[in-house]
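Working notes, beginning with the structure itself.
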Amino acid sequence: MKHLTLADEIVVLMLDDTSGEIKPGCLAVAGVAIAAGVLMELALVGRIDTDLESLFVVDRTLLGDALLDDILLEVAAEPRTQPSAWWIDQLSTRHGDLVERVLGRLVSSGILKEEERKFLWVFSRRAYPPVSGREEREAKARLMSVLFNDEVPDPRDTLLLGLAKSTGVLAAILASDEYEKAGPRIAEVAALEEIGRAVGVVTGQVRDAVASIMMAHYP
Amino acid sequence: MEITSKIDGAVVVFQLAGRIDAATSPSVEGAVNTAVGGGSKRVIFDMSAVSYVSSAGLRVILLAAKKANAAGGGMAVFGLQAGVQEVFSVSGFGRIVPITANEAEARTKLAG
């Protein structure tokens, strides 16, 4: 079975099973998380690499995945080398609605259903409930395994944990005392990968900006 | 990147020279897999001639540690140059892979 990309997995984790929508706490950073997830996937398949200063393309061979290839081409076309956080920020805003695009992929691959639901009896909205929920359970199980085993984590799981931490997914999965207890391990694993650290920085900036807007409107 | 190794029973010491990045990490991974598969489950990287480690390089070190641990051994590194030390420090890699002062200390660490 073809595995889900990290961008697919973080969307599955950010969805509320009941409403079929991105959880309100994740909404502001969903595009950022997907952009970072795509870059992480490109790193895992050897198309890009990063260091403390920059993100760079090491192999321009396309993968046959429209989303990954679009972003690989965009990174390859940039004449100046930029750091990971810059790319995450740019891609999250330049690539249209990344959330809709990944939701569409997940519907096409039979992982989510697309439904029209009514609210207030008149208005309709689209919802994306899981077909079986297996992918979400598997992703959560891998996160729990990383957190509660002291084994050396797998790079893919390390990156997924960075996304789950930055989006608030981890805090929503774990009870507050469990989250507190796992805090040192979460910090340890999330720091291992450069793009994982970068997505933490960018999601922090987005949340700060949202908080500033809220404060300005509702002081 | 140059990779040389010396095997001493269950201990394998890799002397690495050059850059560990996306281009060279598959060679490092292959060398580690061969050694651990052959029974050398205590893996030591002599990094004194390594001038640069990218994220792909760190990833292959993580995989090497995972492989060695899964085989019932472990992994340690020594001889980090200043730039490489900074990469290890920022990522907190030292909490996952022990960094020792020299080969003798690495051997002691893995034997314990």
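Every read-out reported here was derived from the displayed coordinates using simple, explicitly stated rules and does not represent laboratory data. Keep in mind it's a predicted model, so treat the numbers as computed, not measured. FYI the Cβ positions are ideal-geometry reconstructions off the backbone, even for glycines, and counts take in every protein chain you see.
Each residue of segment A:165-175 in turn: what ³J(HN,Hα) in whole Hz from Karplus with 6.51, -1.76, 1.60 and θ = phi - 60°, glycine and Pro shown as x?
Running phi through 6.51 cos²θ - 1.76 cosθ + 1.60 with θ = phi - 60° gives 5, 5, 8, x, 4, 4, 4, 7, 6, 8, 5 Hz.
Alpha carbon centre of segment A:178-202 versus segment A:116-176: separation in Å?
Value for the Cα centre distance between the two parts: 16 Å.
How large is ³J(HN,Hα), in whole Hz, for each residue of segment B:66-80 in order, when computed from phi with the Karplus curve 6.51 cos²θ - 1.76 cosθ + 1.60 and θ = phi - 60°, using x for Gly and Pro?
5, 5, 5, 4, 5, 7, x, x, x, 9, 9, 10, 8, x, 6
Convert each backbone phi in segment B:42-57 into a coupling constant with the Karplus relation 6.51 cos²θ - 1.76 cosθ + 1.60 (shift: θ = phi - 60°), then list the ³J(HN,Hα) values in order as whole Hz, x for Gly and Pro.
9, 10, 10, 9, 8, 9, 5, 10, 8, 8, 7, 10, 8, 4, 5, x
So which of A:K140/A:K181; A:K165/B:K41; A:K23/B:K66; A:K113/B:K67; A:K140/B:K109; B:K6/B:K109 end up more than 27 Å apart, counting from Cα to Cα? Numbers along the way, then the final one.
Details: A:K140/A:K181 17 Å; A:K165/B:K41 33 Å; A:K23/B:K66 34 Å; A:K113/B:K67 39 Å; A:K140/B:K109 34 Å; B:K6/B:K109 18 Å.
Listed pairs above 27 Å: A:K165/B:K41; A:K23/B:K66; A:K113/B:K67; A:K140/B:K109.
So, R0 is 51 Å and r is the distance between the beta-carbons of A:W86 and B:E105; what FRET efficiency does that work out to, to 0.05? Write down the numbers at each step before the final one.
Values: r = 40 Å, r/R0 = 0.78.
Approximately 0.80, to the nearest 0.05.
Given the convex hull over the Cα atoms of segment A:6-217, what projected area results after averaging over all orientations, in nm²? Don't skip to the answer; put the middle values down first.
Numbers: hull surface 53.8 nm².
Over all viewing directions, segment A:6-217 projects a mean Cα-hull area of 13.4 nm².
Within the protein assembly as shown, what percent of beta bridges assigned by DSSP are antiparallel, to the nearest 5?
Numbers: 18 of 34 bridges.
In the protein assembly as shown, DSSP labels about 55 percent of beta bridges as antiparallel.
Residues with amide H under 5 Å of A:E193's amide H, sequence separation 5 or more or different chain, H placed in the peptide plane at 1.01 Å from N; which?
Placed amide hydrogens put nothing under 5 Å from A:E193.
Evaluate E = 1/(1 + (r/R0)^6) for B:S89 and A:R156, where r is the Cβ-Cβ distance and R0 equals 25 Å; express this FRET efficiency to the nearest 0.05. If you can, show how the numbers build up before the last one.
Values: r = 24 Å, r/R0 = 0.96.
The computed FRET efficiency comes out at 0.55.
With loop defined by DSSP as not H, G, I, E or B, and exposure as at most 13 other Cβ atoms within 10 Å, which is the longest segment of chain A clear of exposed trypsin sites (Lys or Arg not before Pro)? Please list the in-between numbers first.
Working: sites that count: A:K2, A:R60, A:R80, A:K113.
Between the exposed loop sites, the longest stretch runs A:114-219.
Name the residues whose placed amide hydrogens come within less than 5 Å of the amide hydrogen of B:A49, ignoring near sequence neighbours (fewer than 5 apart) on the same chain.
B:L16
Given contacts defined as C-alpha pairs under 8 Å and at least six residues apart, what's the relative contact order of chain A, whole-number percent?
Numbers: 284 pairs, mean separation 56.7, N = 219.
Relative contact order here is 26 percent.
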